[in-house]
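Single-structure report; data block below.
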Amino acid sequence: MIAEADIAAVGALIGDRARASMLNALMGGEPISAGELARIGGVSPSGGLRATREASALKRARTCYDHLAGELGVAATDMLVERTILARGDGGFSVTRTGRPWLEELGLDLTALARARRSFARGCVDWTERRPHVAGSLGAGIAAIFFARGWVRRRPGGRAVVVTSAGAEWLERSLGLTGYR
């Protein structure tokens, strides 16, 4: 039964005229460039690449409403917990005694954020990472600081953000997060 489902899925993929044409060309055994394969399949060579880049950018770093998400949002949240700035709680986070001065030095008015007409520091399960990042007024405040200080900037036309060199430096120095350079 499982083999039948797999064969059906493969058949559906091969059934697409563009894919079938490209597979047929590849069966010749000769190397073929992506541009040539696109021409053979009658598709735009840049359309798939652009979609892949956009999906990768969204997975890497984005906003989720008004807070940071994706790999960046989850990793930053994890490091805030690991460094005892935040503590995980029932469906969210709380600011620790040592975390309060750290977040205030960052530029957050925790008293004002706590008084906001929304949850303070709820967990928001990230759709790409399947783990929570910090949301609520605290998450929005952290994201606002990242934008205001130029640590992230929005990519045109969507929710994806790019970590700037200044942001990568701060993430590494302050949170021990690497890989954003």
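Structure summary
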quantity	calculated
Bins of 5 Å, starting at 0 and running to the largest distance - Cα pair percent for region 59-111	5, 19, 22, 28, 20, 6, 0
Solvent-accessible heavy-atom area per residue, rounded to whole Å², over the chain at 1.4 Å	60
Within the accessible area of the chain (1.4 Å probe), percent carbon and sulfur	56
Size of the chain as Cα extents on the principal axes (Å, biggest first)	66, 42, 29
Potential extension, Thr84-Phe147 segment - 0.36 nm per residue separation minus Cα distance	20.3 nm
For a label point 7 Å along the Cα-to-beta-carbon line of Arg97, residues of region 64-90 with backbone N under 14 Å	85
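The values are calculated or read from the model by the stated rules, or taken from the named source; none is laboratory data. All of these numbers come straight from a predicted model, not from anything done at the bench. Virtual Cβ from ideal backbone geometry, glycine too; neighbours counted across all protein chains shown. Keep in mind that these areas ignore ligands, DNA and RNA; they rest on the heavy atoms of the full protein, side chains included. Shrake-Rupley method; radii C 1.70, N 1.55, O 1.52, S 1.80 Å.
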